[in-house]
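In what follows, a single structure is set out as structure tokens and then discussed.
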Amino acid sequence: MPRTPDEYAVHFFLSSGHREEVRFTTIQEFQQWYSGELVPKSDSNDFINIPIKNIQGEYMVVRPSSITAIRVEPVFAGSVERF
């Protein structure tokens, strides 16, 4: 039986060399944000909001033209805590 991820960690790699991570509850939530917000403005130098769902009251803005890569990683919560 395949496991279902508890959330998805999305890693943004920026042209400045910085890396940022935000989390989405479902892959569909990420795909909706990606196709509705990021793709239409991919060459823009105007800031767009990246939703940060797991931190109350914080947000991140980024210039879409500065995103060089995106990695989506499923996150599985388990009963065993790993360090």
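How much net charge surrounds residue 64 when only other residues with a Cβ under 10 Å from its Cβ are counted (Lys, Arg +1; Asp, Glu -1)? Please report the intermediate quantities before stating the final value.
On the way: positive: 41, 63; negative: 37, 43, 46.
Local net charge: -1.
Dipole of the stretch 25-75, Cα-centred, from +1 at each Lys and Arg C-beta and -1 at each Asp and Glu C-beta, to the nearest 20 debye? If you can, show how the numbers build up before the last one.
Details: 4 positive and 6 negative charges, 11 e Å.
Value, rounded to 20: 60 debye.
Starting from the Cα-Cα distance between residue 41 and residue 11, subtract it from 0.36 nm times their residue separation and give me the gain in nm to one decimal. Could you put the intermediate results ahead of the total?
Working: separation 30, 0.36 × 30 = 10.80 nm, distance 1.86 nm.
Length gained, residue 41 through residue 11: 8.9 nm.
Residue by residue through the stretch 21-29, what is 3J(HN,Hα) from phi via Karplus (6.51 cos²θ - 1.76 cosθ + 1.60, θ = phi - 60°)? Round to whole Hz and write x for glycine and proline.
With coefficients 6.51, -1.76 and 1.60, one gets 10, 10, 10, 10, 5, 10, 5, 5, 4 Hz.
Go through the stretch 56-73 residue by residue and turn each phi into a ³J(HN,Hα) via Karplus (6.51, -1.76, 1.60, θ = phi - 60°); whole Hz please, and just put x for glycine and proline.
With the stated coefficients, the stretch 56-73 comes to 5, x, 10, 8, 10, 10, 8, 8, x, 5, 8, 7, 9, 7, 9, 10, 10, 10 Hz.
Taking amide H atoms as placed 1.01 Å from N in the peptide plane, list the residues 5 or more away in sequence, or in a different chain, whose amide H sits under 5 Å from that of residue 7.
Those lying under 5 Å, H to H, from residue 7 are 75.
Contact order normalised by length for the chain, with contacts defined as Cα pairs under 8 Å and 6 or more residues apart; what percent is it?
Values: 121 pairs, mean separation 32.9, N = 83.
The value is 40 percent.
So what's the net charge close to residue 21: Lys and Arg +1, Asp and Glu -1, counting the other residues with Cβ under 10 Å from its Cβ?
Net charge around residue 21: +1.
For the stretch 4-15, in order, what is each residue's ³J(HN,Hα) by Karplus, 6.51 cos²θ - 1.76 cosθ + 1.60 with θ = phi - 60°, in whole Hz (x at glycine and Pro)?
9, x, 7, 6, 10, 8, 10, 9, 9, 9, 9, 4
How much FRET efficiency would the formula 1/(1 + (r/R0)^6) give for residue 34 and residue 58, where r is the Cβ-Cβ distance and R0 is 22 Å, rounded to 0.05?
0.65
Measuring from the lowest to the highest alpha carbon on each principal axis, how far does the chain reach, largest first, in angstroms?
43, 25, 25
Read the figures in this text as sums done on the coordinates, not as results from a lab. None of these values were measured; they are calculated from a predicted model. All Cβ positions, even for glycine, are placed from backbone atoms using ideal geometry, and neighbour counts span all protein chains on display.
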